[in-house]
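First up is the structure itself, then whatever we jot down about it.
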Amino acid sequence: MALYLSNFMWSWLAYTIAALVHVVLILSLVAGGALLFIWLERKISGRIQDRLGPTRVGGKFGWLQTLADGLKLLTKEDLMPEGADRMLFRLAPYISFAASLAAYIAIPFAGGAYLLGAAPWVAQHVNVGVFFVLAVLGLEVFGTILAGYSSASKWSLFGAMREAAQVVSYEVPLGMCVVVPVLIAGSMDLSLIGDRQAGLFTNWLIFHDPFTFIAFWVYLTCATASVNRAPFDLAEAESELVAGFHTEYSGLRWSFFFMAEYGSMLSVSLLAVILFLGAWHGPLPIATWLGLTAEHGAIAMNLGKLLGLINLLLKAVVGVSVMIWVRWTLPRLRIDQVITTCLKYCTPIAAGMLLGATLWQYQFPSRSFFGLTEVPQAVYHLREGPQQAVQNSGSSPESREGTDVPEDEIATVNHPARRGGQVSASDTIPQESIARLR
Amino acid sequence: MSGRAFVDQLKQQFGNLIVDANLDNIDPWIEVAPEGIVDVCCYLRDEPSLAFNYLNCISGVDYLHTDEKKAKKADWEPHCEVVYHLFSMTHKHSLVLKVLVPRWKEGRAGELPEVPSVAGIWRAAHWHEREVYDLSGITFTGHPNLRRILCPEDWVGHPLRKDYEMPSEYHGIRGR
Amino acid sequence: MSTLVDDPRIMEFDVRTDEMLINMGPQHPSTHGVLRLVLRTDGEVVSEVTPQIGYLHRSAEKIGENLVPRQWIPYTDRMDYLAAMNMNLGWALVIEKLMRYEPPEKGRHLRVIIAELGRIASHLVAMGTYGLDLGTFSPFLYAFREREKILDLFEEVCGARLTYSYITVGGVTADFPSGWLQKCEAFLDQLVPVIDEYHALLTTNAIFIKRTASIGTMSPEMAIDYGCSGPVLRGSGVDHDLRRDGEDIYTAMYDGYAFEVVAEKDGHYPRDHQYPAVPHEARLGDSWHRFYVRMLEVIQSMDLIRQGIDRYSLATDGHGEPMKLTQKLPKGEAYLETEAPRGQMGFYVVSDGNAIPWRARARSSSFSNLWITGQLCRGCLIADIPSIVGSLDVVMGEIDR
């Protein structure tokens, strides 16, 4: 987008405008998501508990209940304990929220990038997207710890201490589980991993082999822990620590923590969907059947991407709903049990799955769906890197201008260092690479 | 085991420490001298044929008529009673012990009467004795932590005494 | 304050790892009201717990010295407000014991039905709030859903939903309305499958077992020594239930009823093949066993109610006349403990021959059950405290009176 705009104005203005548009889009997604999920949480918990949940505000289903609550929170007094570290206390909710928001920068919402000959819908294409998202999500912990530390309340401090202990335990297996799809797709680029799963659901990485299947569930467990949801919600365990790290918060600051929590829930679900559940590809390639691909013009392609976006978000919402469902079903673990679960069980399992997936991939490099089906040729070649695809997209002027292929991506495509000195003519890759892998 | 048998056994064991017994009451009770209560209780708990290993309750009862006319008619002198309700989980029988003490220690108003604590025999007595101390104003000597339990630490008086008067003011709160 | 230190290295290496003193309560979500626990902790490890009570003290005993027994019935409602019927029963029985009065047969069966319904209601709350203590919210509402039906039944009987004052000295205030027994039976029928849901959600849940098994273990000797009673005592394997072992005036109510005391004998609970097995992590006397005993007692009470309904339908005499307010009590004193849901609720009444008792004393079961917390919680983690206190199932209204 920035590139396209820079044709008409100064490039700094173009970049600023592009950034603003992206921020607004992401912010509305996170805020809208939080609004939806809080409502969803109430509805689901209500139904689980034989209640109706909200029914009045905003019509039949009470779907404006969250908004009404938000208004109430706005009017509440912004309290601060007497002994609090004033600056950190004010800062903490924003750190949490900013970290949760920043992760969205690198999450692609619709791809079809290289496969369909166009760039993904992503605010900033990062070719180590997986790494970026995990790293930034990890920052959210700082907000929690700062909030607990600065509140001048012992319960808050306990919440922060627990969070610190928890973070070191779940990050390790979480990282390992994420490496499994990275390994299979051969890239840390989220849009590439997503497109690796194009076609039927048999290409989804969760079904790639038994190891990825287990790795997905370990990921789900650790992701639940990473967003502080029950049964891992120790930092805010209300029956033990009053409200944990946000005991002393009120009003809008308090709601920022919740926005951050729901934002992170969505982002880890998105990550799960992209890594394991076919990303923006539905179980059946309807967009391809309908002809909504790059070959049929820009409009068709963007329609296809829109379908992909809906697909992705739907799957992510299902992921969030699962987390909500778990929360209203299970009791809470104890802190030592969380650490035991994560370090003693999840970590070895994740490590085993990583090893297993490696061996599987070595043995059956082109097989999918537990080795039952063949990975489509077009998809299989994707692992070789984005060069070929970006070259393709670069060759088509309308797709290049109409979408936001990052500048650096294009710049590095033909860079000798990037190529590693290899002669990689696009039509010779498949045979060579297959031979190399074997 | 009947009340009579208990009394005989205890009388034989402790002689004069068993002051009195009332076997006509619905729950027959045995009165023990204050200085003997720990020994008697220890015996009651440890003697296998009795095995009163469970302390149900300790209650303080204040006997005093604040009304002069009624006081004249009463067939007792003003005093305080500590009532122990015991039970044996092994034999499923129960027993009531009483210790009678003057309302004030040696008649000096304001000084609480003393009864040896049985908290060392049944740990259940711990809180019960604190409660009796708090509400009925009887000191249990040898109690490891005799503090008020239901009333605040700085409360004045012992509410279940018959001559207790509610303070007119407590930390700015009107009492009457 | 002087900060002079001779050797600067002392300051440098003086990493302070002091113990922390924390107030858990009286305003804390998991302390079931206004219990205050003063914790001394080293990080998450609790080294000392001191329960502080008295925040709900309402001088019930002093008030009892100024009211005739029937007027004090509403005050007993407010002791264990989750099992007010059982509190009413305890006080009514002790006055009847003092007066050497025997309620008619129909009245006795009626009291059994009501008291056991009260026990179910109370255990449901205990179960639900215990789930809440362990961080799961849904069983709480499932429990309240069923309890609500019991309250509906109670409301039909006496008009009140929490503080009933229904069982009174001499009998009950009114007989069952017509059709009530059918409703009661229908309630029991639909409760049977629900119990399995509770077992699935809590009793057999892996996390629940992890949080409760081998936590807060008390030996039978310890439980007796500390004066614990009710499910807390039986959870330690002590085979003692006043409905069977109590005084005659109380056990007469349950005469002819077939029931087994819920306590583990030789590694088995009565009829335990019908219920989830004891997990291997659980040790006798831990939180899990206390919880399990309550769950089994619900089933036991359902049995008793069914038997009571049959007997009640056969009985022909009345339900008992409430005692006259002006009636003088015989001179003397009486003490009686009844098996309330939370343990042995004792009432002690001293009478000097007037209509108003000289002394009314309530021995609260939760009072003795709570006292052991300090011992049980030593060395546990902060997260175990709700798990232990919740399994003792205390009600502050009863402790503070």
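The values are calculated or read from the model by the stated rules, or taken from the named source; none is laboratory data. Keep in mind that what you see is a predicted model, and the values were worked out from it rather than measured. Neighbour counts are summed over all protein chains in view; Cβ atoms, including those assigned to glycine, are modelled from backbone coordinates with ideal geometry.
A few remarks follow.
- When residue C:27 is tested against (1) crowded, with 17+ Cβ neighbours inside 10 Å; (2) among the polar types (S, T, N, Q); (3) within 14 Å of chain A (Cβ to nearest Cβ), only condition (1) is not met.
- Looking only at segment C:246-289, and only at residues there that are farther than 28 Å from residue C:94 by Cα and charged (D, E, K, R), the one that is modelled with the lowest pLDDT: C:272
- Boolean, residue C:136 is surrounded by fewer than 24 Cβ atoms within 10 Å (Cβ to Cβ) and closer than 30 Å to residue A:238 by Cα: no
- Selected residue (only one of A:331, A:283 is surrounded by fewer than 19 Cβ atoms within 10 Å (Cβ to Cβ), part of a loop (DSSP other than H, G, I, E, B) and in contact (Cβ under 8 Å) with a residue 40 or more places away in the chain): A:283
- Single unsatisfied condition, residue C:275 versus (1) among the aromatic types (Phe, Trp, Tyr); (2) within 30 Å of residue C:315 (Cα to Cα); (3) over 20 Å from the mean Cα position of the chain (by Cα): (2)
- Some residue of segment A:219-226 being crowded, with 22+ Cβ neighbours inside 10 Å and outside any helix (DSSP H, G or I): no
- Screening segment C:35-55 for residues that are aliphatic (A, V, I, L, M) and surrounded by fewer than 19 Cβ atoms within 10 Å (Cβ to Cβ) and picking the one that is nearest to the other protein chains (Cβ to nearest Cβ) gives C:45.
- For residue C:144: the one exception among (1) out of contact with any Leu (no Cβ under 9 Å at 6 or more places or on another chain); (2) at pLDDT 90 or above; (3) within 14 Å of another protein chain (Cβ to nearest Cβ): (1)
- As for segment B:65-72, it holds at least one residue that is under 20 Å from the mean Cα position of the chain (by Cα) and either surrounded by fewer than 18 Cβ atoms within 10 Å (Cβ to Cβ) or under 21 Å from residue C:360 (Cβ atoms) (or both).
- Exactly one residue out of B:100, B:86 is within 14 Å of chain C (Cβ to nearest Cβ), farther than 28 Å from residue C:375 by Cα and not charged (D, E, K, R): that is B:100.
- For segment C:184-202, a residue qualifies if it is of a type outside the set (A, V, I, L, M), under 29 Å from residue C:106 (Cα atoms) and surrounded by 15 or more Cβ atoms within 10 Å (Cβ to Cβ), and the qualifying residues are C:184, C:187.
- The residues listed here are C:238, C:278, C:262; of these, the one that is free of Cβ contacts under 8 Å to residues at least 40 places away in the same chain, more than 20 Å from residue C:369 (Cβ to Cβ) and surrounded by 19 or more Cβ atoms within 10 Å (Cβ to Cβ) is C:278.
- Among the residues of segment A:289-309, some residue qualifies, meaning at least one is in contact (Cβ under 8 Å) with a residue 24 or more places away in the chain, within 30 Å of residue A:94 (Cβ to Cβ) and assigned to a helix (DSSP H, G or I).
- In summary, helices (runs of 4 or more DSSP H) completely within segment C:311-401 and bearing 2 or more residues that are within 14 Å of chain B (Cβ to nearest Cβ) and under 24 Å from residue C:75 (Cβ atoms) occur at C:365-371, C:396-400.
- Across segment C:225-249, the number of residues qualifying as of a type in the set (A, V, I, L, M, F, W, C), outside any helix (DSSP H, G or I) and in contact with a Ser or Thr (Cβ under 8 Å, 6 or more places away or on another chain) comes to 1.
- Any chance residue C:62 is in contact with a Leu (Cβ under 9 Å, 6 or more places away or on another chain) and free of Cβ contacts under 8 Å to residues at least 12 places away in the same chain: yes
- Qualifying residue in segment C:284-303 (condition: over 30 Å from residue C:107 (Cα atoms) and in a strand (DSSP E or B)): no
- Looking only at segment C:203-223, and only at residues there that are under 22 Å from the mean Cα position of the chain (by Cα), part of a loop (DSSP other than H, G, I, E, B) and β-branched (Val, Ile, Thr), the one that is surrounded by the fewest Cβ atoms within 10 Å (Cβ to Cβ): C:217
- Hits in segment B:103-119 (condition: surrounded by 15 or more Cβ atoms within 10 Å (Cβ to Cβ) and not in a strand (DSSP E or B)): B:103, B:104, B:105, B:112, B:113, B:117, B:118, B:119
- Residue check, residue A:239 in contact with a Leu (Cβ under 9 Å, 6 or more places away or on another chain), at pLDDT below 80 and of a type outside the set (Asp, Glu): yes
- Assessment of segment A:248-271 against the conditions (among the aliphatic types (A, V, I, L, M), surrounded by 22 or more Cβ atoms within 10 Å (Cβ to Cβ), assigned to a loop (DSSP other than H, G, I, E, B) and touching a residue at least 12 places away in the same chain (Cβ under 8 Å)) yields no matching residue.
- Some residue of segment B:40-53 being within 13 Å of chain C (Cβ to nearest Cβ), within 23 Å of residue C:330 (Cβ to Cβ) and not in a helix (DSSP H, G or I): no
- Taking segment C:125-141 as the range and being part of a helix (DSSP H, G or I) and within 14 Å of chain A (Cβ to nearest Cβ) as the test, the residues that pass are C:127, C:128, C:129, C:130, C:131, C:132, C:133, C:138, C:139, C:140, C:141.
- Pairs where the first residue, in segment B:127-149, is within 14 Å of chain C (Cβ to nearest Cβ) and the second is surrounded by fewer than 24 Cβ atoms within 10 Å (Cβ to Cβ) and of a type in the set (Ser, Thr, Tyr), C-beta under 6 Å, 6+ apart: B:129/B:117; B:143/B:117
- Qualifying residues in segment A:20-35 (those that are surrounded by 15 or more Cβ atoms within 10 Å (Cβ to Cβ) and free of Cβ contacts under 8 Å to residues at least 40 places away in the same chain) - the one nearest to residue A:100 (Cα to Cα): A:35
- Among residues of segment B:1-39, those that are within 13 Å of another protein chain (Cβ to nearest Cβ), within 26 Å of residue C:224 (Cβ to Cβ) and either surrounded by fewer than 13 Cβ atoms within 10 Å (Cβ to Cβ) or hydroxyl-bearing (Ser, Thr, Tyr) (or both), counted: 0
- The lone criterion from (1) modelled with pLDDT of 85 or more; (2) farther than 20 Å from residue A:120 by Cβ; (3) among the aliphatic types (A, V, I, L, M) left unmet by residue A:29 is number (2).
- Residue selected from segment C:141-158 under the condition under 23 Å from the mean Cα position of the chain (by Cα) and within 24 Å of residue C:103 (Cβ to Cβ), by the criterion surrounded by the most Cβ atoms within 10 Å (Cβ to Cβ): C:157
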